[in-house]
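The values are calculated or read from the model by the stated rules, or taken from the named source; none is laboratory data. Treat the numbers as computed from the prediction; the structure is a model and nothing was measured. Ideal geometry is used to build each Cβ from the backbone, glycine not excepted, and the neighbour counts take in all protein chains shown.
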Amino acid sequence: MKAKILDGKKIAKEIKEKLAGEIEALYNSSGIVPGLAVVIAGADDASLVYVDMKEKACTAVGMYSKSFRLPSTVTQSEILNIIDQLNHDEQIHGILIQLPLPEGIDEKVISNRIHPEKDIDGFHPVNNGKLFLGEDSLAPCTPLGIIELIKHTGIDISGKHAVVIGRSNIVGKPAGMLLLRENATVTLCHSKTKDLTSILKSADIIVSAAGIPNLVRGDMIKEDAIVIDAGTRVVDNKLVGDVNYNEAVMAASWITPVPGGVGPMTIAMLLQNTLKAALKK
Ligand code: GUN
């Protein structure tokens, strides 16, 4: 084994400890307790577990958390009403609507109803636009966590060739924008990309968010590249990434495990975004 492990669990813990201190300082100076509202509707077990983790992380750092567990029969207008209330709730600085939502509910309409200043998921077009323009904004949590992990290596991102695989609005596209903001030369690959191998071969940083197990093999990785695996597929009840870990670990300089790499960072960034939203108040 050659690569060093980017331990997302440990790094996320350190970030959460730092946030807890900042939250306490905010309370001592202003009496404000950052508050996060989580809305989940007709969820499967995996989503419920994930939302529980988000709530526990919230209270562990000293934030206020409020949750709405709604049945799968909930209507779009009922969810919109809850968002309207939360948009005006002084105790709430961040609103998270767990996706996916039950069939028949338009996720775009729901996400767009959240006030951009409370959009700690960074899904609102106003925040997407600011990210595109390189302005300060609430950016999506998984890409923020990816940047933190890369910075943790101590290797300067500026001027590096970063290849992102996947063009989702939640991970791939915003990860590309954040890497660009760090002055990387960014290539965004997707399902129609021709000859992924030759592109990856020139990558100093690989961020894979395709959801295709074994997509990134060891012989596609340039010697000493940083490999961030943001793939999330459940196979035989186990979470698996996009990267063939056993092969990649022999070529890369740094690598994230799955689980325990990008996942824990997403929650830490959710808390960081909620504090950021509260500080803006
Ligand atoms: N479902 C899976 N990941 C996410 C996320 O980051 N935010 C929300 N709101 N829902 C999700």
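Only one entry of 193, 232 meets the criterion of being among the hydroxyl-bearing types (Ser, Thr, Tyr) and at pLDDT below 95, and that entry is 232.
Scanning region 28-81 for residues that are in a strand (DSSP E or B), in contact (Cβ under 8 Å) with a residue 60 or more places away in the chain and under 19 Å from residue 269 (Cα atoms) yields 35, 36, 38.
Listed here are the residues, each with its yes/no results for (1) within 23 Å of residue 116 (Cα to Cα); (2) touching a Cys at 6+ places or on another chain (Cβ under 7 Å); (3) within 16 Å of the ligand (Cβ to nearest atom).
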site	(1), (2), (3)
23	yes, no, no
39	yes, no, yes
48	no, no, yes
51	yes, no, yes
66	yes, no, yes
85	yes, no, no
98	yes, no, yes
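Looking across 188, 138, 179, one residue alone is within 23 Å of residue 270 (Cβ to Cβ) and in contact with a Gly (Cβ under 7 Å, 6 or more places away or on another chain). It is 138.
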